[in-house]
Structures are given as structure tokens and as C-alpha cells.
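To start, the structure itself, in C-alpha cells.
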Amino acid sequence: MPDRITLITGNAGKAAEFAAMLGIEVTPARAELTEVQSLDVAAVAARKAADAYAQLREPVLVDDTGLAVHEWNGLPSALVAWFIDTVGPQGILAMAAGITSRRAAVSTALGYADADGVQVFTGTVDGSLATELRGTSGFGYDPIFIPDSDPGHRTYAQMTSEEKNKISHRRRAVEAMRAGLRLQ
């Protein structure tokens with residue numbers, strides 16, 4: 001059971017968020033990682049974790065997130081960052097204008113690697129795409145994703161960070177990781 005993990009990120013706030021959720025020291029670090037082109041967030045996270053451990057030779061954590069639109073056979077999934085960078089959340093909504101079902105899911109895969117190998121822990125939240133941008137909190141697809149578990153039918157971007165973190169796919173992945181690594 002590790003008492004310290006290096007998170008591969010350029011965002012110190014993300015490291016603090018993971019530290020609070022995991023209850024152990026999480027230190028941010030940068031690394032040049034190979035990002036495989038796959039719709040499977042778990043496959044992407046596993047490869048990035050293996051690469052990070054090979055470079056740093058200490059327990060490492062990486063994450064990868066995806067937004068899967070059911071009517072698009074799971075697209076953009078792990079490619080969502082590219083979609084957001086190129087067309088933005090509004091562009092995704094424009095592409096979805098003609099779909100019959102707005103059902104979607106968001107997933108996070110946490111890749112953990114140490115001397116014993118790579119483990120991947122995932123968390124998924126079912127929901128739907130909004131029809132317009134809603135809310136100003138968060139980032140990425142937060143203004144277009146409505147989780148089923150919110151009784152107010154709000155997007156992630158309409159929630160406070162605390163509200164989102166209680167029900168998020170990242171929270172579910174962290175809980176799976178805590179159980180899998182036996183973190184108290």
C-alpha cells in the first residue's frame with residue numbers, strides 16, 4: 001500500500017484534489033507520455049501509466065477521461081479532449097443536433113503503476129447531453145453533460161465543485177482505486 005504517489009499532470013490543483021480523495025500524499029510531475037489513439041480510456045491510462053513508471057521508477061498515477069455518446073457508438077470517448085480542443089463543447093452539441101437519443105456516459109480511468117506492474121481503476125456516470133451550454137463551472141464537457149444522478153437535471157458546470165465531486169466519474173474511479181490498493 002503506497003503512502004505517496006506521483007500524479008502526472010501540469011495542474012497542482014488536480015494533485016491536491018486527488019490527495020484529498022485518496023488520503024495520501026500526491027505530488028504533481030510532468031512526463032512525456034505516449035497517448036495511444038483508442039476510444040478505451042482504460043487502454044489509454046494503462047499505456048500512460050506504464051510509460052510514466054518506466055521514466056520515473058516510482059509509484060505513479062495518470063488519468064484519462066472520456067465522453068461516450070451512445071448513438072455515436074461511443075464516440076468521442078477518450079478522444080474527447082481532441083474534440084473539445086478543435087470544436088469545443090458547442091461544436092459537440094452542434095454535431096449532436098440531429099441525433100434521436102442524447103444518452104451518454106462519462107468515464108475516468110486511473111492508471112497506477114509501481115514495481116509490481118500496472119493496475120487500472122475506472123468510474124462511469126450515465127447521463128445525457130444537454131441541448132445547449134449550461135453553467136460556468138468546471139471545464140471540458142462539463143457544460144454539456146447532465147448526470148442521471150442529479151435530481152435537478154443540471155450539467156456538471158451548473159454544480160459546485162463539491163456537488164460534482166460527490167457524484168462524478170472521477171470519484172467513482174478513486175473509490176475503486178482506494179479499494180483496489182487497500183488505501184484507508
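Structure values in brief
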read-out	value
In order through region 135-148: 3J(HN,Hα) via Karplus (6.51 cos²θ - 1.76 cosθ + 1.60), integer Hz, x for Gly, Pro	x, 10, 8, x, 7, x, 8, 3, x, 10, 9, 10, x, 4
Local net charge near residue 17, Cβ-Cβ under 12 Å (Lys/Arg +1, Asp/Glu -1)	+2
Amide hydrogen neighbours beyond the local backbone of residue 75, cut-off 5 Å, H modeled	69
From phi via Karplus (6.51, -1.76, 1.60), per-residue ³J(HN,Hα) for region 45-62 in Hz, x at Gly/Pro	5, 4, 5, 5, 5, 4, 4, 5, 5, 4, 7, 9, 6, 8, x, 10, 10, 10
Trypsin sites (Lys or Arg not before Pro), loop per DSSP, at most 12 other Cβ atoms within 10 Å - longest free stretch of the chain	58-181
For region 20-37, 3J(HN,Hα) per residue [Karplus equation, 6.51 cos²θ - 1.76 cosθ + 1.60, θ = phi - 60°, Hz, x = Gly/Pro]	5, 6, 8, x, 9, 6, 10, 10, x, 8, 9, 7, 8, 10, 7, 10, 5, 8
The chain, relative contact order [Cα under 8 Å, separation at least 6], %	19 percent
Mean separation of Cα contacts under 8 Å, 6 or more apart, over the residue count of region 53-112: relative contact order %	47 percent
Cβ-derived FRET efficiency at R0 22 Å, residue 11 paired with residue 133, nearest 0.05	0.45
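None of the figures in this text is laboratory data; all of them are computed from the coordinates on show. This is a predicted model, so every value here is computed, not measured. All Cβ positions, glycine included, derive from the backbone under ideal geometry; neighbour counts span all protein chains shown.
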